[in-house]
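These notes are about the structure you will find just below.
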Amino acid sequence: MSERRDRDPGCLFCRIVAGEIPSEPVAEADDVIAIRDISPRAPSHVLLVTREHIPSAADLGAADGPLLGSVFELAASIARAEGIAETGYRVVTNVGEWGGQTVPHLHFHLLGGRSMSWPPG
Ligand code: AMP
Ligand code: ZN
């Protein structure tokens, strides 16, 4: 395990994963937790947050295949539970400043309950 995956005590999502900062849990798996976004941008807006501190998708590699499989499996399961699977939804991860990333700990937005525009703004 590389150093980049060590818990960062100053990281908001590391603290949420550790239970030091409250969140609204939706679901969880071995390597990822799902919580409600505090500032929802769609009727259903869930964050899938890796338990490990990985700064962004730019730090992923082939060895992370199982982790990503777990993320998308959990996303599909939550989408069914939220009642958005039939109409469709979006799973997105932002990377860096121009990508719109504000929390430097890997997470995926699951957005649904309304029609999404394309391309994103
Ligand atoms: P991003 O901007 O892609 O890095 O996504 C970070 C997301 O975290 C934003 O959608 C925020 O609304 C959300 N967020 C920030 N603080 C919290 C928190 N304490 N609990 C839940 N979601 C949060
Ligand atoms: Zn972190």
### Task
Quick one: in region 39-57, of everything that is more than 9 Å from the chain's Cα centre (by Cα) and more than 16 Å from ligand 2 (Cβ to nearest atom), which residue is surrounded by the most Cβ atoms within 10 Å (Cβ to Cβ)?
S44
### Query
Out of curiosity, is V71 within 27 Å of A18 (Cα to Cα), in a helix (DSSP H, G or I) and touching a Leu at 6+ places or on another chain (Cβ under 9 Å)?
yes
### Query
Within the bounds of region 64-87, is there any residue that is within 11 Å of ligand 1 (Cβ to nearest atom), under 17 Å from M116 (Cβ atoms) and at pLDDT 95 or above?
no
### Message
It is to be established whether one or more residues within region 18-40 are over 18 Å from V95 (Cα atoms) and either modelled with pLDDT under 95 or in a helix (DSSP H, G or I) (or both).
### Response
no
### Query
Can you find even one residue in region 100-113 that is of a type in the set (G, A, S), more than 16 Å from ligand 2 (Cβ to nearest atom) and either part of a helix (DSSP H, G or I) or buried (at least 18 other Cβ atoms within 10 Å of the Cβ) (or both)?
yes
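The values are calculated or read from the model by the stated rules, or taken from the named source; none is laboratory data. The structure displayed is predicted, hence computed values, not measured ones. Glycine gets a Cβ as well: all are built from the backbone with ideal geometry, and neighbour counts include every protein chain shown.
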